[in-house]
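Data first, discussion second: the structure below is written as structure tokens.
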């Protein structure tokens, strides 16, 4: 058996505005264990990022 290169990209999108609110790329080929960290990252972006008008 050889070495298999695998990447896994996860995104979370705001359903109302269709904006990407979270993104993560790992070298783990399985999705298992990625949902909770993405949900936390998306919630943090939505609840804290909307008040930042510096962009």
Query - Residue tally, condition over 10 Å from the mean Cα position of the chain (by Cα) and surrounded by 13 or more Cβ atoms within 10 Å (Cβ to Cβ), over the range 1-49 - result: 6
Requested in this report: Mind telling me which of the residues 25, 21, 40 ends up being touching a helix residue (DSSP H, G or I) at 6+ places or on another chain (Cβ under 7 Å) and not in a loop (DSSP other than H, G, I, E, B)?
Outcome: 21
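Taken together, the values in this text are just the output of simple stated rules run on the coordinates, not laboratory data. This one's a predicted model, so the numbers in the text were calculated from it and none came from an experiment. Every residue, glycine as well, gets a Cβ built from its backbone with ideal geometry; the counts of neighbours run over all protein chains shown.
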